[in-house]
Amino acid sequence: MLSLFRRIAKYTAYLYFLLYCGISIMLMQLQRKETLDAIKERGLSMNASIAEQISSFTGIISLRQENEQLLLQNARLFSQLMHQQQVLGDARSIQAASAGAPAWARQFRIARVVDRRFSATDNMLVIDAGSSQGITRDMTVLTPDGLVGRVTDVSRNYARILPLINNDFMVSVVSDSSRTLGLLSWQNGDERIAHMEHVPVSSSLKVGEQVTTSDYSTFAIRGIPIGRVVRISKDKLFCNIDIRLAVDFSSLSYVIVSPAKPSREKIEIMGGETGHKAP
Amino acid sequence: MFILVLVQHFFISRLVILHASADILVVFIAFISMSIGQRTGTTYGFVSGLVMGLLSGNIGMSALIGTVEGFVAGFFHVPEESHATSVKKRRMYYGAGITALVSGNLLTALLNNPLSLPLYVRLLEIVILGTIMSMLLGALMYRFVLQKLLRD
């Protein structure tokens, strides 16, 4: 008996082997049973979850490339947004220009300033409306804030504007309270300040009065705002008057071109010319 | 062992060349059988085969192959009291590894044929190529890890 046990103990590895082989073969046979299927299913789900973790890990590795693609996409979207905002801004500007204009300005043409030359002496604007849009020479150019200038040259799709802040520009003006008449001109220097000339020292003009175009103008209808009196100094015969202009030429992007002009008959009887110096 | 099972299943077994891949588990089982004993090696083979079967969905066959691998590698067991030299231990390690791999791959080639390959293709590719690839892995393991454990 003892020798049998010794022999068994000596060959336990064989017994283990047979036992495990038996279990394995039994498992192979029972593989289609429900319990084993459930175990198998559990194992496969574990397998899937680990594989998912591994794939998420590899996803982190490829994150840099995805980031670059997203940045590129972001840049594309940003450029589109910028473009749309620009278009929206332009539309608002046009709407504001139309809404703020006087009632009789409904028939006016709205044009965009496409070029400008600002210097201490020679200023000039170009707008994107020309003869094909009904623009003609000597039309008045303004914004809802006030007078901008007059049309001097016209091509098919563009027009050149002589702005108020040009040495060659002059316009007849009148103050709103004291009804003082004068001639507005601009000398070199500050783009916001023009000068009112030919106002006698006896005039009752006061600082703060608003100045508009008068009936004497050869190209502009009366009542277009010009600016406000900011300084009056008296000389021997005439006053030196500074007018702060209503229009901000530094941020001018849209203008209104007025087809309304003074009566041709009036101009002829006045003997006025439509040249630059004509008021 | 469980870490090795995961490494084998998710990484090494995916590096397939001509339907054969290396098997780090067999190398491990062979090492256990050679250094600890046939009984322990057989048990390790059985358990690791079970776990691998759980992951692959072929529990019984995996367990059987693992058991056979552990058992045959056990014939190369070097007892502690034998005071064998490291050269002999290395020789036995490679012997255990090759025997376990050949028997395991042979069983795999015979019992498992998911791609419906002809028998001679399975024998050539899985047995020969699989054994060579696994032994290369075993040599690397011996060189960098197991050599320190099998010193005189």
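Taken together, the values in this text are just the output of simple stated rules run on the coordinates, not laboratory data. Every value quoted in this text rests on a predicted model; they were computed, and no experiment measured them. Glycine gets a Cβ as well: all are built from the backbone with ideal geometry, and neighbour counts include every protein chain shown.
Quick notes on this one:
- Computed from backbone phi with θ = phi - 60° and the Karplus coefficients 6.51, -1.76 and 1.60, the 3J(HN,Hα) list for region A:47-53 is 4, 5, 5, 5, 4, 5, 4 Hz; x is used for glycine and proline.
- Added length on full extension, which subtracts the Cα-Cα distance from 0.36 nm per residue, residue A:265 to residue A:210: 16.9 nm
- Here chain A is assigned +1 on the Cβ of each Lys and Arg and -1 on the Cβ of each Asp and Glu. Its dipole about the Cα centre then comes out at about 1200 debye.
- Applying 0.36 nm per residue to the separation of residue A:29 and residue A:248 and subtracting their alpha-carbon distance, the gain on full extension is 69.4 nm.
- Cα point-scatterer Debye curve for region B:36-86, base-10 log of I(q)/I(0) at q = 0.12, 0.26, 0.29 Å⁻¹: -0.31, -0.82, -0.93
- Near the amide H of residue A:223, within less than 5 Å, lie the amide hydrogens of A:213, A:214, all on another chain or at least 5 residues away, with H placed in the peptide plane.
- Rounded to whole Hz, the Karplus (6.51, -1.76, 1.60) HN-Hα couplings of region A:213-220, x for glycine and proline: 5, 9, 5, 7, 5, 8, 10, 10
- With a simple spin-label model that places each label point 7 Å from the Cα along the Cα-to-Cβ direction, the separation between residue A:38 and residue A:19 comes to 2.6 nm.
- Note on B:9-15: average number of Cβ atoms from other chains within 10 Å of each residue's Cβ is 1.
- A dipole drawn for the protein assembly as shown from +1 and -1 charges on Cβ atoms has a positive end, and of A:139, A:93, B:127 the residue lying farthest that way is B:127.
- Peptides B:117-123, B:48-54 ranked from most to least packed, by the mean per-residue count of other Cβ atoms within 10 Å: B:48-54, B:117-123.
- When each of the peptides A:18-24, A:78-84, A:89-95 is scored by how many other beta carbons lie within 10 Å of its residues on average, the order from highest to lowest is A:18-24, A:89-95, A:78-84.
- Shielding value for A:8-17 is 5, the average number of Cβ atoms from other chains within 10 Å of each residue's Cβ.
- If only the Cβ of Lys and Arg carry +1 and only the Cβ of Asp and Glu carry -1, the dipole of chain B around its Cα centre is close to 300 debye.
- Its alpha carbons give the protein assembly as shown an Rg and a Dmax of 50.2, 151 Å.
- Total formal charge among the other residues, if their Cβ is under 15 angstrom from that of residue A:205, Lys/Arg +1 and Asp/Glu -1: +1
- Volume per residue of the convex hull around the Cα atoms, evaluated for region A:109-270, comes out as 108 Å³.
- Annotation: chain B has a Kirkwood hydrodynamic radius of 15.2 angstrom, from the mean reciprocal C-alpha pair distance.
- Nearest-0.05 FRET efficiency for residue A:56 and residue A:176, computed from C-beta distance (R0 56 Å): 0.15
- Calculated mean residue ellipticity, 222 nm, the protein assembly as shown: -15000 deg cm²/dmol, from DSSP H runs (n ≥ 4) at -39500 (n - 2.57) each, averaged per residue and rounded to 500.
- Shielding by partners for peptide B:49-57, expressed as the average number of C-beta atoms from other protein chains within 10 Å of each residue's C-beta, is 5.
- Overall, the ratio between the Cα radius of gyration of region A:1-96 and 2.2 N^0.38 Å, rounded to two decimals, is 2.73.
- Applying 1/(1 + (r/R0)^6) with R0 = 30 Å to the Cβ-Cβ distance of residue A:63 and residue B:16 gives a FRET efficiency near 0.60.
- Positive-end ranking of A:114, A:223, A:181 along the dipole of region A:109-270, with charges on Cβ about the Cα centre, is headed by A:223.
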